[in-house]
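Have a look at the structure below, then the notes.
The values are calculated or read from the model by the stated rules, or taken from the named source; none is laboratory data. Being a predicted model, the structure only gives us computed values, none of them experimental. Cβ sites come from the backbone with ideal geometry, for glycine too, and all protein chains shown count toward neighbours. Surface areas here come from the heavy atoms of the whole protein model, side chains and all, with no ligands, DNA or RNA. Shrake-Rupley method; radii C 1.70, N 1.55, O 1.52, S 1.80 Å.
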Amino acid sequence: MLGLRCFPQSNYLKRFYRRITINCLSNSIQPLPTSNLTLCFSSNLSSFSISISNIHQYRKLYATVTHTSNSNVTTSSTESPLTGLEDDLVGYVLGKKKATEVAHLVWKHVVQKGDTVIDATCGNGYDTLAMLKMVADESGTARVYGMDIQRDALENTSSLLDENVTPKEKQLVKLFSICHSRIEEIIPENSPVRLVAFNLGYLPGGDKALTTVPETTMMAIESAKRVLVPGGLISLVVYVGHPGGREELETVESFASGLSVDEWICCKFQMLNRPLAPVLVFLFKK
Ligand SMILES: C[S@@+](CC[C@H](N)C(=O)[O-])C[C@H]1O[C@@H](n2cnc3c(N)ncnc32)[C@H](O)[C@@H]1O
């Protein structure tokens, strides 16, 4: 156990305390002083839970606040899935953070060790690698399913994994040379998929004419909707600078705008005065 003030990642704990205080206020109970907070965490520091003295009064809050890996806060059903990421999202719209960097931070917020996740557009493998690092653990239950229509892309992804992960970790990744509209053909039935990520456009360093296209992208998103578990995320980084890119964004936006508010939280982040910058679209399944 450590006291709040001793823990090295004090920024995250400040956020925690702020959230607890907000929760207290919305539950009409007196916010608790920081001296009443203690932390229990696992030996590798990858996860910890927060424990509160006078637990009887705060039992409800205890149930709703957990914290996993680094700055990632697993949100309770009463909170926004983006809580705690405000600075990163603002960083994107102010041009201080890259789209993929912010997308990865949002994934980390949702994904847990041991999860099944899908990279629907492997490309050079950076997203596949990021996903693998988020889900891989000793249990070996995690799976990263990756796909691309270009052999080069899958070879690049495989090489990147060879350079950055152990053979045991790499075994958790299953790569397929198919169109992402066929996601459901490769995911074992009843696999609880937590994340499906799309990085639309062309393969960097490859043939710029070979891009994702609205028709198959939409079929893939429809499949993603079906395989995703509640609490899961469909993440899209949409590049608009190439021919057809803007039409693809419009198709994705029109689809997302029509999803039921009772079942989905849909949002996008875009820099208006940088019209060619990628657009981030997140579809959270409630
Ligand atoms: C922008 S790149 C992806 C970048 C990648 N995620 C990374 O981390 O390097 C887009 C990729 O989508 C692939 N792609 C295009 N159409 C596809 C389809 N129908 N199904 C699967 N992949 C597709 C392209 O071949 C290209 O490699």
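Cβ-Cβ distance of Asn190 and Val213, R₀ of 35 Å, FRET efficiency by 1/(1 + (r/R0)^6): the value works out to about 0.70. For region 145-224, the per residue solvent-accessible surface stands at 52 Å², with DNA, RNA and ligands left out and a 1.4 Å probe.
Restricting to DSSP loop positions (anything but H, G, I, E, B) with no more than 10 other Cβ atoms inside 10 Å of their own Cβ, which GluC sites (Glu not before Pro) remain in region 180-236? Spell out each step's value before the answer.
Details: sites: Glu184, Glu185, Glu189, Glu215, Glu222; in loops: Glu189.
Counting only loop positions with at most 10 other Cβ atoms within 10 Å, the GluC sites (Glu not before Pro) in region 180-236 are Glu189.
To put it simply, the accessible area of region 90-285 at a 1.4 Å probe is 52 percent carbon and sulfur.
To one decimal place, what Kirkwood hydrodynamic radius in Å is obtained for region 88-203 from all pairs of distinct Cα atoms?
Values: mean 1/r = 0.0693 Å⁻¹.
Across region 88-203, the inverse of the average 1/r is 14.4 Å.
Per the Kirkwood formula applied to alpha carbons, region 132-174 shows a radius of gyration over Rh ratio, Rg over Rh, of 0.97. Under the combined filter of DSSP loop state and at most 14 neighbouring Cβ atoms within 10 Å, region 185-280 retains these trypsin sites (Lys or Arg not before Pro): Lys208. Using every pair of separate Cα atoms, the Kirkwood estimate puts the hydrodynamic radius of region 213-286 at 12.7 angstrom.
Looking at region 90-285 from every direction and averaging, what is the projected area of its Cα convex hull in nm²? Could the numbers behind the result be given before it?
Working: hull surface 42.2 nm².
Across all orientations, region 90-285 yields a mean hull projection of 10.6 nm².
Only Lys, Arg, Asp and Glu carry charge here, each on its Cβ (+1 for the first two, -1 for the last two); on that basis region 234-273 has a dipole of about 180 debye about its Cα centre.
When Rg and the Kirkwood radius Rh are both evaluated on Cα atoms of region 139-240, their ratio Rg/Rh stands at 0.96.
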